[in-house]
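Taking it in order: structure first as structure tokens, then the write-up.
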Amino acid sequence: MRIRSLKSVLWWLAQPLLLTLTGCGSYVAYDVFMGDSITKAWSLPGVNLGVSGNTTSQMLVRFPSEVPGHGYRVFVLLGGVNDLLRGLSPEEAFANIALMAKAARQAQMTVVLCELTPVYRDDQPILDPDIRALNTAIEQLVQSDHYLLVDYYDPMYGHPEYFRDGLHPNAQGYAVMDEALLPVLASISSQ
């Protein structure tokens, strides 16, 4: 565990230097992250459109005024957990995610969709069938429409210690998320 944490921290710290040295540019100024409180509390996104409590339908309403036309070249979307917590179906959340991804692609952005993290109560996963169903739908959309995918679920499943309250990642959890995301962003920058 400690080695993974140290590796994650070193990876996170090295990314800006690596991107600068390779001439790939920064993932901060040209990338926009849309999401809920998990995104809002995250220090990585340079342009952070995370809003606490947002469902995917609320993100979809904000999307047209906050994302297209602002010069972003990469759209990173992590959303859906609030939908599931409110009893909405994975299909409803997925439909909104698909609409935002399509609109971002039409606005000439590279689309990065993110699988939901697990959610814990008393160190036990909750909502797991719905989270898995939504993540599977996201994976299928990524494959069919050739978007990019970041898997936060698998590296965080079975690790309630990565969360401060069962839902929101702590510093260690965000380091794991960084480790999953940064290679995807670096691959875009190198294209």
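What size of dipole, in debye to the nearest 20, comes out for segment 27-189 about its Cα centre when the only charges are +1 on Lys and Arg C-beta atoms and -1 on Asp and Glu C-beta atoms?
Dipole about the Cα centre, nearest 20: 580 debye.
Taking amide H positions as placed in the peptide plane 1.01 Å from N, state which residues far from Y120 in sequence (5 or more) or on other chains have amide H under 5 Å from it.
Answer set, sorted by chain and number: I126, L167.
Just for segment 27-189, what percent of DSSP beta bridges are antiparallel, to the closest 5?
On the way: 4 of 20 bridges.
Expressed as a percentage, antiparallel bridges in segment 27-189 total about 20.
Compute the distance from the alpha-carbon center of segment 137-159 to that of segment 102-116, in whole Å.
Between the Cα centre of segment 137-159 and that of segment 102-116, the gap is 13 Å.
For segment 43-52, take each phi angle, set θ = phi - 60°, evaluate the Karplus expression 6.51 cos²θ - 1.76 cosθ + 1.60, and give the result in whole Hz per residue in order, putting x for glycine and proline.
3J(HN,Hα) across segment 43-52, in whole Hz: 7, 5, x, x, 10, 10, 9, x, 10, 4.
Taking a temperature of 25 °C and a viscosity of 0.890 mPa s, what whole-number D in µm²/s does Stokes-Einstein yield for segment 27-189 with Rh from Kirkwood over alpha carbon pairs?
Taking Rh from Cα pairs, D becomes 158 µm²/s.
With θ set to phi - 60° and the Karplus curve 6.51 cos²θ - 1.76 cosθ + 1.60, what are the ³J(HN,Hα) couplings of segment 145-155 in order, to the nearest whole Hz, using x for Gly and Pro?
Result, ordered by residue: 9, 6, 8, 9, 10, 10, 9, 9, 5, 4, x Hz.
Put one equal scatterer on each alpha carbon of segment 96-160, apply the Debye formula with no solvent term, and list log10 I(q)/I(0) at q = 0.18, 0.26 1/Å to two decimals.
For segment 96-160, the Cα-only Debye profile gives -0.67, -1.07.
Along segment 96-102, what does the Karplus equation 6.51 cos²θ - 1.76 cosθ + 1.60 (θ = phi - 60°) give for ³J(HN,Hα), rounded to whole Hz, x for Gly and Pro?
5, 4, 4, 5, 5, 4, 4
None of the figures in this text is laboratory data; all of them are computed from the coordinates on show. This structure is a prediction, so every number in the text was calculated from the model and none was measured. Glycine gets a Cβ as well: all are built from the backbone with ideal geometry, and neighbour counts include every protein chain shown.
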